[in-house]
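Right, one structure below, let's go through it.
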Amino acid sequence: MTVRGTAVSLRAASAALRAPRAAQAATELATPALVCGALLVTLAFRFPQLYSSNGIASAVTASAPLILTVLAMTPIAIASPGGIDLSVGPFVAFLNVGIVHWLVSNGYGNPVAVFAFAIGVGIGFQLIQGLLIGALRLQPVIVTLAGYLVFSGLNLVVLPQPGGTVPGWLERWGAATSANTPELYLLLGCGVAWWLFSRTTFARNVRLVGGNDKAAWVSGLSPTLVRVGAHVVGGVFIGLAGITLTALLQSADPTQGASQTLMAVTALIVGGVSLAGGRGRALGAVIGAVDIFLIGYVIGTLDLGSSESFVSNLIYGAVLIGALFLGSLTGSVAGIRGRLTRATGSPATSAVLE
Amino acid sequence: MQTNVRVVEPSDIPTPAIRDGAEPVSGPAPAVTVSGVRKRFGDVRALDGCSITAFPGEIHAIVGENGSGKSTLVKVLSSVLPPDEGEVSILGRQPSSPRAALRGGIATVFQEILVVEGASVLDNLFLGHDGLLRSGRSTKEKVALAEPLLERLMQDSIDVSLPIDDLPLSTRQWIVIARALLGDPRVLILDEATAALDEQSSRRLFETLERLAGDGVCVLLISHRIAELTSFADRATVLRDGATVGTLTRDEITGEQLLRLMSGGSLSAERSAPARRELGPPAIRLDGLRIAPGSPPIDAVVSAGEILGIAALEGHGAPELVQTIAGIRAPLAGTVEIVADGRSHVVRSLRDAERAGVGYVSGDRTREGLFPNLSVLQNFGMALYRRSTRAGVIAFGPIRRRFVEQSERLSITARRQSSPVTSLSGGNQQKVLIGRVLAASPRIVVLNDPTRGVDIRTKQDLYALLRELAAEGKAVILFSTEIEELVDLCRRVVVLRHGGSHTTISEGELTPARVLAGMFGRGETGSGAA
């Protein structure tokens, strides 16, 4: 009797485990997904070329650096309150400069060397940031702002002028005319890798530490190790972002970084990743990046001429506030529902007490 | 249904001598030995020569007023804080980190309810139980362990996959208790673990603790509820000003003994009989008040000079009712009417409540009272700022004078007005908050479980103050989770069930047993009950 009872309750339990999680995911992803849908519909009218094989190929190439950058920022943002990585823009540009100026010009343009360099340097740099934030308890904003400034300067020291060439394989990535490109597979591979990562115990620990590091610490979970680990995971994706930026630019540009940081932060927040730590999903962040990228396309179709860059900044700002507002609306609806259930009391308790 | 799987080693089985409360002569080795521990924070000596010996199989209470160093001791025992001086040996070792302590079989339920918002109940339950990269158990195994345990503790089933965010404080308290139990500890430390639980739940917890002690677990217990200590503790070590002043055996643990040791003999524990007074005209009128959807209406009249008690089990609407009277929540239906100086005010918002002269004091100081980043004086003056500004600049002179007045009346012990409010003990923080309300000269005082986590001496001061307020002709509404408090202070107690008034118990019939019976739905039905 006990055995059967247990089995039944286990099955019920695991079914119950899925339903609310799916509902939670749906509310968290609603805002970026709605924005994305609206943009795709708009572009179907204003820029139908996007839906050609060539259009998709160039969209993949152009959006990959932003998507991977935002993917890199996600674990870092989840792992600590205020865990926003401002260094990403100039650092990705540094990888771009390093690949072109140090590797390719010295004959090390083969994929193995490029991937090893980008991912290795990405992990190395994030390890430093992670130790400063996780072990020395410095504020993430300050540490990563320092990283931003250091690489903004360093890039120009290494390479004062844009220039250089990329190896043939990266040239083909950038010039793809069909959606069937290695870059698309790289993005899909990253998605699968993240999905696998998000199911690990370590990923759960990242969320728990980000949600309440004090509770985690007194319960025996080391916030330092978890945060350093989250930065290392981010380092892998930031390395890949450096490679895809090189494929997009087809050369090295030391000045690319500054605006990229702001775009990535906007995408992250539009994607529903909370800067309070502990909350957010990579899927949301990626959709947020796609949103930001598609907004650029829509603005491009408006033929604004020289005022385009001002208008686009204005629109990014409006979208950012709008997304936060929408997010808070869905949040408060859930909150009110919770309060109502609480106020009426749990029927089960009353039944037992009668 | 045995869920908490435990291997009892022969040496863990307690000798009957310990359960009887006597010092064992040649029994098992102590589970916890603390000797001469000192810990300072700046120039505050939190622990100053603290020693405790606790054995496997006993429920050992650690007793002391707020500020006597109990919580610091708990942090030292759980290796959250290293001691400055002295020896700590738990199960023969001195763990160097909370993780090492947990792995060594020491589990702690801290006073602060430490949960991760946004994470599921299950993840909160098994927080820290997993390794950094690998989980010890599958989700299925975790659910199979967690659900029966929570059900046994809470007498209620709960979906462990839900996020913890919307759960009430009492459920969160059970979750942190269950987290400690899931580690199968050999030393279990509970710091005010019943603070957020109602009496019935507390009793269930103590029955669990007694079972664990029977299995050879050493339970260290901190509680301000004397009744819990006298009925459940095998021995009690009393701290005063960070030092151990004595250890009582089971027979010696009485309210008087504890109070005498804690206060150094200066405090008399006698109950002053409520003074017979004529009540004034009606001051508060609740008319068909509904506080939750579907709950029965509440009707009541409180006279000037009366202390009306509110009693209810957790989740039956008592905090909601007092918050509605204080204008923090809007009533769903019906009215809250305050009559003052012949004028009637209807309270629907905080602004109405302020105009009507309603002062609100909450026992949940972190959420409903303190600004932890501000000083004692700034916290005190919060309700006065609007009135004491000159050309838009706060004039602190009058506020300071008011503070001196109130701190004499309430005997607040703060070294400096400018020190951060968090440097005060819980009892003194509560006094600052009460002083804040009184400084605005309210006509009505509404209290939401004001003695939660407050030491006994402060409680006594507070009781005297409430009687004084009533004698001045103020109407007082007191919700408390401690029934004895209500019975001592009030002429009438309204018992709520399901958000409506279930019964009103008046003087003559007012006993703890009657109130408790009403809370469990057994008293005679009052006006508003369904």
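Say whether the condition of being among the basic types (Lys, Arg) and part of a helix (DSSP H, G or I) is met by at least one residue in region A:124-137. Walk me through it before giving the result.
So the first thing to find is which residues in region A:124-137 are among the basic types (Lys, Arg), and the list is A:137.
The next check asks that each one be part of a helix (DSSP H, G or I); those that pass are none.
Within region A:124-137, not a single residue is among the basic types (Lys, Arg) and part of a helix (DSSP H, G or I).
Do the conditions hold for residue B:119, that is, is it of a type in the set (A, V, I, L, M), at the interface with another protein chain (Cβ under 8 Å from one of its Cβ atoms), buried (at least 21 other Cβ atoms within 10 Å of the Cβ) and within 23 Å of residue A:209 (Cβ to Cβ)? Outline the logic, then answer.
Numbers: of a type in the set (A, V, I, L, M): yes; at the interface with another protein chain (Cβ under 8 Å from one of its Cβ atoms): yes; buried (at least 21 other Cβ atoms within 10 Å of the Cβ): yes; within 23 Å of residue A:209 (Cβ to Cβ): yes.
Here the answer is yes, as residue B:119 does meet what is asked.
So, in region B:102-114, how many residues would count as being buried (at least 23 other Cβ atoms within 10 Å of the Cβ) and at the interface with another protein chain (Cβ under 8 Å from one of its Cβ atoms)?
Summing the residues that are buried (at least 23 other Cβ atoms within 10 Å of the Cβ) and at the interface with another protein chain (Cβ under 8 Å from one of its Cβ atoms) in region B:102-114 gives 2.
Mind checking which strands (runs of 3 or more DSSP E) fall wholly inside region B:419-530 and carry at least 1 residues that are over 20 Å from the mean Cα position of the chain (by Cα) and surrounded by fewer than 22 Cβ atoms within 10 Å (Cβ to Cβ)? Steps first, please.
Values: elements: B:444-448, B:475-479, B:492-497, B:500-506.
Ranges flagged: B:492-497, B:500-506.
Looking only at region B:339-351, count how many residues are assigned to a loop (DSSP other than H, G, I, E, B) and at negative phi.
Step one: list which residues in region B:339-351 are assigned to a loop (DSSP other than H, G, I, E, B), which gives B:341-342, B:347-349.
Next, only the ones that are at negative phi stay: B:347-349.
Qualifying residue count, region B:339-351: 3.
Mind counting the residues in region B:283-319 that are part of a loop (DSSP other than H, G, I, E, B), within 11 Å of another protein chain (Cβ to nearest Cβ) and in contact with a strand residue (DSSP E or B) (Cβ under 9 Å, 6 or more places away or on another chain)? Please lay out each step first, then the result.
Of region B:283-319, the ones part of a loop (DSSP other than H, G, I, E, B) are B:291-297, B:304-306, B:313-317.
The next check asks that each one be within 11 Å of another protein chain (Cβ to nearest Cβ); those that pass are B:291-295, B:313-317.
With the extra rule that they be in contact with a strand residue (DSSP E or B) (Cβ under 9 Å, 6 or more places away or on another chain), the set shrinks to B:291-292, B:295, B:313, B:316-317.
Total meeting the criteria: 6.
If I ask for residues that are more than 9 Å from every other protein chain (Cβ to nearest Cβ) and of a type in the set (S, T, N, Q), which ones from region B:157-170 would you list?
Of region B:157-170, the ones more than 9 Å from every other protein chain (Cβ to nearest Cβ) are B:164, B:169-170.
B:170, the sole residue that qualifies.
Based on this model, can you work out whether residue B:215 counts as acidic (Asp, Glu), within 20 Å of the chain's Cα centre (by Cα) and more than 10 Å from chain A (Cβ to nearest Cβ)?
Numbers: acidic (Asp, Glu): yes; within 20 Å of the chain's Cα centre (by Cα): no; more than 10 Å from chain A (Cβ to nearest Cβ): yes.
The answer is no for residue B:215.
Provide a single number: the residues in region B:137-156 that are at the interface with chain A (Cβ under 9 Å from one of its Cβ atoms) and in a loop (DSSP other than H, G, I, E, B).
First pass over region B:137-156, keeping only residues at the interface with chain A (Cβ under 9 Å from one of its Cβ atoms): B:139-140, B:143-144, B:147-148, B:154-156.
Retained after the next criterion (residues that are in a loop (DSSP other than H, G, I, E, B)): B:155-156.
Residues flagged as at the interface with chain A (Cβ under 9 Å from one of its Cβ atoms) and in a loop (DSSP other than H, G, I, E, B) within region B:137-156 amount to 2.
When residues of region A:263-276 are filtered for being assigned to a helix (DSSP H, G or I) and either under 13 Å from residue A:91 (Cα atoms) or in contact with a Pro (Cβ under 8 Å, 6 or more places away or on another chain) (or both), how many remain? Steps first, please.
Applying the first criterion (assigned to a helix (DSSP H, G or I)) to region A:263-276 yields A:263-270.
Among the residues that remain, those that are also either under 13 Å from residue A:91 (Cα atoms) or in contact with a Pro (Cβ under 8 Å, 6 or more places away or on another chain) (or both) are: A:264, A:270.
Final tally of qualifying residues: 2.
Is it true that residue A:125 is under 30 Å from residue A:223 (Cβ atoms) and in contact with a helix residue (DSSP H, G or I) (Cβ under 8 Å, 6 or more places away or on another chain)?
Working: under 30 Å from residue A:223 (Cβ atoms): yes; in contact with a helix residue (DSSP H, G or I) (Cβ under 8 Å, 6 or more places away or on another chain): yes.
Considered against the rule, which asks whether it is under 30 Å from residue A:223 (Cβ atoms) and in contact with a helix residue (DSSP H, G or I) (Cβ under 8 Å, 6 or more places away or on another chain), residue A:125 comes out as yes.
Yes or no, residue by residue, for (1) at negative phi; (2) buried (at least 24 other Cβ atoms within 10 Å of the Cβ); (3) modelled with pLDDT under 95; (4) over 15 Å from the mean Cα position of the chain (by Cα):
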{"residue": "A:49", "(1), (2), (3), (4)": "yes, no, yes, yes"}
{"residue": "A:64", "(1), (2), (3), (4)": "yes, yes, no, no"}
{"residue": "A:75", "(1), (2), (3), (4)": "yes, yes, no, no"}
{"residue": "A:106", "(1), (2), (3), (4)": "yes, no, yes, yes"}
{"residue": "A:109", "(1), (2), (3), (4)": "yes, no, yes, yes"}
{"residue": "A:119", "(1), (2), (3), (4)": "yes, no, no, yes"}
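If residue A:279 passes every condition in (1) within 14 Å of chain B (Cβ to nearest Cβ); (2) closer than 20 Å to residue A:67 by Cα; (3) assigned to a helix (DSSP H, G or I) but one, which one does it miss?
Checking residue A:279 against (1) within 14 Å of chain B (Cβ to nearest Cβ); (2) closer than 20 Å to residue A:67 by Cα; (3) assigned to a helix (DSSP H, G or I), the one that fails is (3).
Taking only region B:77-101 into account, find how many residues are hydroxyl-bearing (Ser, Thr, Tyr), under 26 Å from the mean Cα position of the chain (by Cα) and more than 8 Å from chain A (Cβ to nearest Cβ). Step through it out loud before you land on a result.
Of region B:77-101, the ones hydroxyl-bearing (Ser, Thr, Tyr) are B:78-79, B:89, B:96-97.
From what's left, under 26 Å from the mean Cα position of the chain (by Cα): B:78-79.
So of that shortlist, the ones also more than 8 Å from chain A (Cβ to nearest Cβ) come out as B:79.
Summing the residues that are hydroxyl-bearing (Ser, Thr, Tyr), under 26 Å from the mean Cα position of the chain (by Cα) and more than 8 Å from chain A (Cβ to nearest Cβ) in region B:77-101 gives 1.
Output the qualifying pairs, or none if there are none: Cβ atoms under 8 angstrom, residues six or more apart or on different chains, first residue in region B:298-323 and free of Cβ contacts under 8 Å to residues at least 40 places away in the same chain, second residue part of a strand (DSSP E or B).
B:301/B:282; B:301/B:284; B:301/B:285; B:301/B:286
Restricting attention to region B:328-338, does a residue exist that is farther than 24 Å from residue B:170 by Cβ, part of a strand (DSSP E or B) and polar (S, T, N, Q)?
Scanning region B:328-338, I find at least one residue that is farther than 24 Å from residue B:170 by Cβ, part of a strand (DSSP E or B) and polar (S, T, N, Q), so the answer is yes.
It is to be established whether one or more residues within region B:181-190 are at the interface with chain A (Cβ under 10 Å from one of its Cβ atoms) and either at negative phi or not hydrophobic (A, V, I, L, M, F, W, C) (or both). Spell out how you get there, then give the answer.
Quick first cut of region B:181-190, residues at the interface with chain A (Cβ under 10 Å from one of its Cβ atoms) only: B:183.
Still in the running and either at negative phi or not hydrophobic (A, V, I, L, M, F, W, C) (or both): B:183.
Scanning region B:181-190, I find at least one residue that is at the interface with chain A (Cβ under 10 Å from one of its Cβ atoms) and either at negative phi or not hydrophobic (A, V, I, L, M, F, W, C) (or both), so the answer is yes.
Any residue at all in region B:90-108 that is among the aliphatic types (A, V, I, L, M), farther than 20 Å from residue B:218 by Cα and without any contact (Cβ under 8 Å) to a residue 60 or more places away in the chain?
Step one: of region B:90-108, the residues among the aliphatic types (A, V, I, L, M) are B:90-91, B:100-102, B:106-107.
Next, only the ones that are farther than 20 Å from residue B:218 by Cα stay: none.
Within region B:90-108, none of the residues are among the aliphatic types (A, V, I, L, M), farther than 20 Å from residue B:218 by Cα and without any contact (Cβ under 8 Å) to a residue 60 or more places away in the chain.
Taking the criterion of being charged (D, E, K, R) and within 14 Å of chain B (Cβ to nearest Cβ), would at least one residue in region A:169-188 satisfy it?
Here is the first cut: in region A:169-188, the residues charged (D, E, K, R) are A:171-172, A:183.
From the residues that got through so far, the ones that are within 14 Å of chain B (Cβ to nearest Cβ) too are none.
The answer is no, given that none of the residues of region A:169-188 is charged (D, E, K, R) and within 14 Å of chain B (Cβ to nearest Cβ).
For residues that are more than 25 Å from residue A:215 (Cα to Cα) and assigned to a strand (DSSP E or B), tally how many sit in region B:64-90. Reasoning before the result, please.
Step one: of region B:64-90, the residues more than 25 Å from residue A:215 (Cα to Cα) are B:64-65, B:85-87.
Imposing the further condition that a residue be assigned to a strand (DSSP E or B) reduces the set to B:85-87.
Looking only at that region, the number is 3.
Quick check on region A:256-282: of everything there that is of a type in the set (Ser, Thr, Tyr) and at pLDDT 90 or above, which residue is surrounded by the fewest Cβ atoms within 10 Å (Cβ to Cβ)? Show your work before the answer.
If we filter region A:256-282 for residues that are of a type in the set (Ser, Thr, Tyr), which is where we start, we get A:259, A:261, A:266, A:274.
Adding the requirement that they be at pLDDT 90 or above leaves A:261, A:266.
Numbers: A:261: 26, A:266: 23.
Only one residue fits best here, namely A:266.
Take residue A:150 and tell me if it is more than 23 Å from residue A:194 (Cα to Cα), over 20 Å from the mean Cα position of the chain (by Cα) and not charged (D, E, K, R).
So residue A:150 passes the test.
Checking the conditions here, which among A:235, A:220, A:210 is in contact with a helix residue (DSSP H, G or I) (Cβ under 9 Å, 6 or more places away or on another chain), surrounded by 24 or more Cβ atoms within 10 Å (Cβ to Cβ) and either farther than 29 Å from residue B:113 by Cα or within 7 Å of chain B (Cβ to nearest Cβ) (or both)? Give the steps one after another, and end with the answer.
Working: A:220 fails: surrounded by 24 or more Cβ atoms within 10 Å (Cβ to Cβ); A:210 fails: either farther than 29 Å from residue B:113 by Cα or within 7 Å of chain B (Cβ to nearest Cβ) (or both).
After applying the criteria, what remains is A:235.
Quick check, is residue A:60 farther than 30 Å from residue A:227 by Cβ, in contact (Cβ under 8 Å) with a residue 60 or more places away in the chain and part of a helix (DSSP H, G or I)?
Numbers: farther than 30 Å from residue A:227 by Cβ: yes; in contact (Cβ under 8 Å) with a residue 60 or more places away in the chain: yes; part of a helix (DSSP H, G or I): yes.
Yes; evaluated as a whole, the condition is true for this residue.
From the list A:199, A:207, which one is in contact with a Gly (Cβ under 9 Å, 6 or more places away or on another chain) and among the charged types (D, E, K, R)? Explain how you work it out, then say what you get.
On the way: A:199 fails: in contact with a Gly (Cβ under 9 Å, 6 or more places away or on another chain).
On inspection, the qualifying residue turns out to be A:207.
The values are calculated or read from the model by the stated rules, or taken from the named source; none is laboratory data. What you see is a predicted model; the values in this text were computed from it and never measured. Neighbour counts are summed over all protein chains in view; Cβ atoms, including those assigned to glycine, are modelled from backbone coordinates with ideal geometry.
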